[in-house]
1. Scan the range 159-175 for residues that are among the small types (Gly, Ala, Ser) and part of a loop (DSSP other than H, G, I, E, B) and jot them down.
2. Out of all the residues in the range 71-91, which are touching a residue at least 60 places away in the same chain (Cβ under 8 Å), within 14 Å of the chain's Cα centre (by Cα) and assigned to a loop (DSSP other than H, G, I, E, B)?
3. Identify, by number, the condition in (1) farther than 17 Å from GLN51 by Cβ; (2) under 18 Å from the mean Cα position of the chain (by Cα); (3) at pLDDT 95 or above that LEU122 doesn't meet.
4. Could you list all residues from the range 108-117 that are out of contact with any Gly (no Cβ under 7 Å at 6 or more places or on another chain) and crowded, with 18+ Cβ neighbours inside 10 Å?
5. In the range 171-195, which residues are under 18 Å from ALA120 (Cβ atoms), without any contact (Cβ under 8 Å) to a residue 60 or more places away in the chain and surrounded by fewer than 16 Cβ atoms within 10 Å (Cβ to Cβ)?
6. In the range 80-115, what residues are among the acidic types (Asp, Glu) and touching an Asp or Glu at 6+ places or on another chain (Cβ under 6 Å)?
Amino acid sequence: MKRVHAITMAAAMVVGIGGCTVDAGPLPAPSASPTDTSARTMTGPDCLAPQVLSVLGFEADERDRAGSHPDAPDAGPVPEDLSPVLVVECTTGETLTDSAGQWQAVTAIRREGDLDPLLAALTPVGSPSPSVTCAPGGQRSDLWLVDSMGDAVRVAVPGAVCGRLSAAVREALDSLDAVDEEHYPVHLISPRETAG
């Protein structure tokens, strides 16, 4: 009976993660997983974590305005014992408009499907990318893999430079189904003019 209950709870979590909404509110603050001793595992991905926003090209003051979010673990290779059921891509390039004006946003896209091609593309090959100075702007991405219990691991992308994904990873991501997309305003780029 306990096993059936555990399986039902795991299935419910996967369904909850895959729900479809568009929300400009803050992401819930994830916490370190109490059942996993790995420093790289969190309960739920966080596209507004300071380390993720840094990869996405936001300055420190812009990251501060995104609200208080716990530090994300360093991105690394896909753990051998991880069985992901979905991937969350944190990406830039979208803008939002509200009463304050126009914002540069972070988009969190949840993707499901056959993850094998993506996992193969995330396997490191050869030497790491050289250290470069990144120019501002352009679309950037950061990736989380999530298992059936909701534990998330931030993964390094071989061949990525300044948050730009390699062609193999981009192709593998685009072959998956986007089941959820949420937008979060981070940087006010054009304040709304007020009548004087």
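1. Taking the range 159-175 and keeping what is among the small types (Gly, Ala, Ser), we get 159-160, 163, 166-168, 172, 175.
Passing the criteria: GLY159, ALA160, GLY163, SER166, SER175.
2. Within the range 71-91, ALA72, PRO73, ASP74, ALA75 meet the criteria.
3. The single condition LEU122 does not satisfy is (3).
4. Filtering the range 108-117 for residues out of contact with any Gly (no Cβ under 7 Å at 6 or more places or on another chain) gives 108-109, 111, 113-117.
Within the range 108-117, ALA108, ILE109, ARG111, LEU115 meet the criteria.
5. GLU171, ASP174
6. Narrowing the range 80-115 to residues among the acidic types (Asp, Glu): 80-81, 89, 94, 98, 112, 114.
GLU112 - this is the single residue of the range 80-115 that is among the acidic types (Asp, Glu) and touching an Asp or Glu at 6+ places or on another chain (Cβ under 6 Å).
The rows are residues; the columns are (1) among the basic types (Lys, Arg); (2) buried (at least 16 other Cβ atoms within 10 Å of the Cβ); (3) in contact with a Lys or Arg (Cβ under 7 Å, 6 or more places away or on another chain).
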site	(1), (2), (3)
ALA72	no, yes, yes
PRO77	no, no, no
GLU94	no, no, no
SER99	no, no, yes
PRO124	no, no, no
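The values are calculated or read from the model by the stated rules, or taken from the named source; none is laboratory data. Keep in mind the model is a prediction, meaning the values are calculated, not measured. Here Cβ is always computed from backbone atoms with ideal geometry, including for glycine, and neighbour counts include all displayed protein chains.
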